[in-house]
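Below is one structure, written out as structure tokens, with a few remarks after it.
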Amino acid sequence: MSESFKLTIEDETQCGRVDKVLSSQFTQFSRAQIQKWILAGAITVNAHSIKAKDKLTIGDQVIIKPTAPKTLSLIPENIALDIIYEDQDVIVVNKPQGMVVHPSVGHPDHTLVNALLYHSPLSTINGEFRPGIVHRIDKDTSGLLMIAKNDRAHRSLAAQLKNKTNQREYVALVHGQIKENSGVIDAPIGRSPANRQKQAIVSNGRHAVTHFKVLKRYEHYTLVSCQLETGRTHQIRVHMQYINHPVAGDPLYGPHKTLAGNGQYLHARLLGFKHPTTGKQMTFEAPLPQNFIDILAHLDATDNLG
């Protein structure tokens, strides 16, 4: 962007916190974007840099010089992959916790896609920055993903997801004791109106169904398996919070710093699909990662029901 935006504060209705005032005066920009520009020094008041919490008063001269977004470029990177299965059509990979699936403005490189591109040709259906990606899991969720190496395989795998004929099972450690041995959570999910970084249960959201089964109860936690009938963003995390059993370690939907670790204790343990070429049913499993094993051992020693 080369265009500048100027504002002179002329009355009391325009006074207040810089970020709040500017996002209300320039509705084409979100408050979060305004805050980013303030941090980057792209917004000045009376020719001086400011902080988001600073107050605007009558007579202040504001200039916004939006910074252009960084251009993404997709570069193959020699990053080790935990490949569970591979043939000429598909790759099944066990993604570690902490790895982003595909590049974005906040994560331009060191992603699973960068690593996969170094390893193999990938399908092109899902856009320039998501080659091969049929479905995704969150950065701090570990476990299995199916990757398409060509467009024909991609179409087959995507159709199975759409028709709900594939298998996806997760293991999650959640807060509190779930009394039922199993259950179904059927609640629509959409973007949270209060926080754009979060999803929420909203009446006009997309249909979402999660089946859960209790694997083990602790005094303050429950280990569950979750089977996805649908695949909405943050589905398990939102659904478990909805029934008042948020995933342990979840920085967005759960209590903070209750257990050691970096991110939610959620692992995509099982993945099943029909092979795009042979039609054979294939099922893969990935054991819990070491950090998950360690936290369960800790709970066995300190939070066991005996």
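The values are calculated or read from the model by the stated rules, or taken from the named source; none is laboratory data. Small disclaimer: the values here were computed from a predicted structure and weren't measured. Here the Cβ positions follow ideal geometry from the backbone for every residue, glycine too, while neighbour counts run over all protein chains shown.
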Here's a check for you: in the range 181-198, which residue that is outside any strand (DSSP E or B) and either over 18 Å from the mean Cα position of the chain (by Cα) or of a type in the set (Asp, Glu) (or both) is farthest from residue 285 (Cα to Cα)? 187
Is there any pair with a first residue in the range 247-265 that is within 23 Å of residue 194 (Cβ to Cβ) and a second that is of a type in the set (Asp, Glu) and assigned to a loop (DSSP other than H, G, I, E, B) whose Cβ atoms are under 7 Å apart and which are 6 or more apart or on different chains, and what are they? 263/140; 264/140; 264/250
Could you go through the range 38-48 and let me know if any residue there is touching a Phe, Trp or Tyr at 6+ places or on another chain (Cβ under 9 Å), within 20 Å of residue 196 (Cα to Cα), assigned to a helix (DSSP H, G or I) and without any contact (Cβ under 8 Å) to a residue 60 or more places away in the chain. no
Can you confirm whether the range 212-233 contains a residue that is farther than 30 Å from residue 296 by Cβ and in contact with a strand residue (DSSP E or B) (Cβ under 6 Å, 6 or more places away or on another chain)? no
Show the residue pairs that are 6+ apart or on different chains and have beta-carbon atoms under 7 Å apart, the first residue being within the range 274-293 and in a loop (DSSP other than H, G, I, E, B), the second being among the β-branched types (Val, Ile, Thr). 276/90; 286/84; 288/171
Just a yes or no: is a residue in the range 261-271 part of a strand (DSSP E or B) and either outside the structural domain of residue 155 (by TED's automatic domain parsing) or in contact with a helix residue (DSSP H, G or I) (Cβ under 9 Å, 6 or more places away or on another chain) (or both)? yes
Unique residue being over 30 Å from residue 151 (Cβ atoms) and either surrounded by 13 or more Cβ atoms within 10 Å (Cβ to Cβ) or among the acidic types (Asp, Glu) (or both) when the list is 38, 91: 38
Which one of these is in contact with a Phe, Trp or Tyr (Cβ under 8 Å, 6 or more places away or on another chain), exposed (fewer than 15 other Cβ atoms within 10 Å of the Cβ) and in contact (Cβ under 8 Å) with a residue 40 or more places away in the chain: 160, 177, 197? 177
Is it the case that some residue within the range 223-230 is part of a helix (DSSP H, G or I) and modelled with pLDDT of 95 or more? no
Yes or no: the range 169-180 includes at least one residue that is over 17 Å from the mean Cα position of the chain (by Cα), in the same structural domain as residue 107 (by TED's automatic domain parsing) and in a helix (DSSP H, G or I). no
So, residue 121, is that one closer than 30 Å to residue 155 by Cβ and either outside the structural domain of residue 280 (by TED's automatic domain parsing) or touching a Gly at 6+ places or on another chain (Cβ under 6 Å) (or both) or not? no
If residue 213 passes every condition in (1) outside any strand (DSSP E or B); (2) among the charged types (D, E, K, R); (3) surrounded by fewer than 16 Cβ atoms within 10 Å (Cβ to Cβ) but one, which one does it miss? (1)
